Amino acid sequence: MKDLQKHIVRVGLLLGLFAIVATTLVALTEQNTREQIKENQRQALLDGINALIPHDEYNNAILQDTLLLPPTQALGTEEPTLVYRARMDDEPIAAVLTVIAPDGYSGTIKMLVGIYYSGKLAGVRVIDHKETPGLGDKIDVKKDDWILQFEGLSLGNPPASKWRVKKDGGQFDQFTGATITPRAVVGAVKQSLEYFRKHRDELFAVAEEEE
Amino acid sequence: MNAYKQIIVDGLWKNNPGLVQLLGLCPLLAVTNTVINGLGLGLATILTLVASNGIISLLRNQIPDEARLPVFVMIIASIVTIIELSMNAWFHELYLILGIFIPLIVTNCSIIGRAEAFAARNSVGPALLDGLMMGLGFAAVLILLGAMRELIGQGTLFSQAYLMFGEGARGLTITVIEDYRGFLMALLPPGAFIGLGLLVALKNSIDIRLAKREPKASVVEVETPAAG
């Protein structure tokens, strides 16, 4: 009986030891990669912004001209996000918002939405998603041109009733085998346009202290 | 047949994880709708299998027998997480392509299967070779199934190869059937099940034919499908 107890304790301790070692290794890796991963993501963000608003359309330092937006339900954000603002000789040109579609097929879809001051879409890019490879991931510009069709659209063009996927009576194609993903993207883009229309002047307000 | 040759034949053919053990079906069926997707998951699986087999074999005398399964799970989950984080940090381009496949590997029970059936009972050399061969065998099934489904589903091969091999590989895509209307079912889960069934049948019929040709050789082994 004593032996059995001893044995159980020994196995338990060993199991605990393995857990500690494994967790430590994962934690160490996380610490060592955190900065690099952040930097990679920042670089991806920069590339994303430049893909939305052509360089020659603005002349401010867009990465410095930011506005810290608190979590906003209309944009689906649950953490403060930065709005990047493009200006030409201090005249507002466009803003790039971070928008999260909460209702993707597998989790949230994070996008950058560029909107011209006039309310016209400069473009949309998906920067983070977990949609099904081969089906829903066609929202990624690297896999398909689908996302490019938003360029130049606005709230009146197409009319509000057409801001849906075709299956729901709108004008946007769904993918074969995947309707939920494009539906989520279209909905989030439309919502962000509505948000932009209501809050345009606040979004371009000048010179706030930023972090 | 010497031991190493046995390991190679087992991994690639006789005990192939995809066709005979039927392990790892979740990722296998989920991503094999194109050759490139299959290749991506195949590479990630090989890497994880070799690493987990090696580490578990090294630690096999330290792991308490009664608690080995939780320990295996912990080791495999840690390896996968560490690989994912490191790739994200230092091989970001590759991560953007293979990244989505890596969490899928955790759901691949052929990894814990090999840990239990092989790595925990053998020394490091054979365990590494077993990991490599099982990984290759699995990858071969992924690529083959991916090719079948891509060809039937959309009439191409190697579409989106540039995602993995860079812009220069755009020319790699072969449009086998021009103006193909597509056959959606091949790309959806039913196509995966049917395709895998056909591959298993093909393998069995080859085995039967081989057994007939060499009457002395052992009869086709009875296969016990496993869950997973």
- [ ] Give A:78, A:30 a once-over and let me know the one that is away from every other protein chain (no Cβ under 13 Å) and at negative phi.
- [x] A:78
Open item on the list: Residues to consider are A:74, A:51, A:101; find the one that is closer than 19 Å to residue A:201 by Cβ and among the small types (Gly, Ala, Ser).
Closed with: A:74
Open item on the list: Among the residues of the stretch A:64-75, are any in a helix (DSSP H, G or I), in contact (Cβ under 8 Å) with a residue 24 or more places away in the chain and in the same structural domain as residue A:190 (by TED's automatic domain parsing)?
Closed with: yes
- [ ] Examine the stretch A:36-59 for a residue that is surrounded by 14 or more Cβ atoms within 10 Å (Cβ to Cβ) and at pLDDT 90 or above, and state whether such a residue exists.
- [x] yes
TODO: Collect the residues in the stretch B:90-135 that are of a type in the set (A, V, I, L, M), farther than 18 Å from residue B:74 by Cα and modelled with pLDDT of 85 or more, keeping them in residue-number order.
DONE: B:124, B:127, B:128, B:129, B:132, B:133, B:134
Open item on the list: Taking the condition of being within 30 Å of residue B:95 (Cβ to Cβ) and either at the interface with chain B (Cβ under 7 Å from one of its Cβ atoms) or not in a helix (DSSP H, G or I) (or both), how many residues in the stretch A:1-27 meet it?
Closed with: 5
Task: Subset tally (residues that are β-branched (Val, Ile, Thr) and either over 23 Å from the mean Cα position of the chain (by Cα) or within 7 Å of chain A (Cβ to nearest Cβ) (or both)) for the stretch B:57-85 - done: 5
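Results for (1) closer than 18 Å to residue B:18 by Cβ; (2) of a type in the set (Asp, Glu); (3) out of contact with any strand residue (DSSP E or B) (no Cβ under 7 Å at 6 or more places or on another chain), shown as yes or no for each residue.
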| site | (1), (2), (3) |
| --- | --- |
| B:101 | yes, no, yes |
| B:119 | no, no, yes |
| B:140 | yes, no, yes |
| B:156 | no, no, no |
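Has the stretch A:136-151 got any residue that is outside any helix (DSSP H, G or I), more than 14 Å from chain B (Cβ to nearest Cβ) and either in contact (Cβ under 8 Å) with a residue 40 or more places away in the chain or among the basic types (Lys, Arg) (or both)?
The answer is no, given that none of the residues of the stretch A:136-151 is outside any helix (DSSP H, G or I), more than 14 Å from chain B (Cβ to nearest Cβ) and either in contact (Cβ under 8 Å) with a residue 40 or more places away in the chain or among the basic types (Lys, Arg) (or both).
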TODO: Check whether at least one residue in the stretch B:18-33 is in contact with a helix residue (DSSP H, G or I) (Cβ under 8 Å, 6 or more places away or on another chain), farther than 27 Å from residue B:196 by Cα and more than 12 Å from chain A (Cβ to nearest Cβ), and report yes or no.
DONE: no
Open item on the list: If residue A:192 meets every condition in (1) over 30 Å from residue B:92 (Cβ atoms); (2) touching a Leu at 6+ places or on another chain (Cβ under 7 Å); (3) modelled with pLDDT of 90 or more apart from one, which number is that one?
Closed with: (1)
TODO: Filter the stretch A:143-166 for residues that are surrounded by 14 or more Cβ atoms within 10 Å (Cβ to Cβ) and under 26 Å from residue B:159 (Cα atoms) and give the result.
DONE: A:143, A:146, A:147, A:149, A:150, A:165
Open item on the list: Can you report the number of residues in the stretch B:206-228 which are surrounded by 11 or more Cβ atoms within 10 Å (Cβ to Cβ), at pLDDT 55 or above and of a type outside the set (A, V, I, L, M, F, W, C)?
Closed with: 1
- [ ] Could you tell me whether any residue of the stretch B:89-97 is under 15 Å from the mean Cα position of the chain (by Cα) and either aromatic (Phe, Trp, Tyr) or under 26 Å from residue B:19 (Cβ atoms) (or both)?
- [x] no
- [ ] Looking for whichever is assigned to a helix (DSSP H, G or I) and buried (at least 18 other Cβ atoms within 10 Å of the Cβ) here; the options are B:41, B:19, B:12. Which one fits?
- [x] B:41
Task: Search result, residues across the stretch B:72-95 that are of a type in the set (A, V, I, L, M) and either in contact (Cβ under 8 Å) with a residue 12 or more places away in the chain or not in a helix (DSSP H, G or I) (or both) - done: B:73, B:75, B:76, B:77, B:79, B:80, B:83, B:87
- [ ] State whether one or more residues within the stretch A:192-205 are among the small types (Gly, Ala, Ser) and under 21 Å from residue A:78 (Cα atoms).
- [x] yes
TODO: State whether the residues of the stretch A:102-111 include one that is surrounded by fewer than 16 Cβ atoms within 10 Å (Cβ to Cβ), more than 30 Å from residue B:150 (Cα to Cα), at pLDDT 90 or above and more than 14 Å from chain B (Cβ to nearest Cβ).
DONE: yes
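Residue-by-condition table, conditions (1) among the aliphatic types (A, V, I, L, M); (2) within 14 Å of chain A (Cβ to nearest Cβ):
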residue: B:87; (1), (2): yes, yes
residue: B:98; (1), (2): yes, yes
residue: B:105; (1), (2): yes, yes
residue: B:111; (1), (2): yes, no
residue: B:132; (1), (2): yes, no
residue: B:145; (1), (2): yes, yes
residue: B:149; (1), (2): no, yes
residue: B:176; (1), (2): yes, no
residue: B:188; (1), (2): yes, yes
Open item on the list: I need the full set of residues from the stretch A:115-127 which are out of contact with any Lys or Arg (no Cβ under 8 Å at 6 or more places or on another chain) and in a strand (DSSP E or B), in order please.
Closed with: A:115, A:116, A:121, A:122, A:123, A:124, A:125
TODO: Report yes if some residue within the stretch B:170-186 is crowded, with 18+ Cβ neighbours inside 10 Å and of a type outside the set (S, T, N, Q); otherwise report no.
DONE: yes
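The values are calculated or read from the model by the stated rules, or taken from the named source; none is laboratory data. Computed from a predicted model, the values in this text were never measured in an experiment. Glycine gets a Cβ as well: all are built from the backbone with ideal geometry, and neighbour counts include every protein chain shown.
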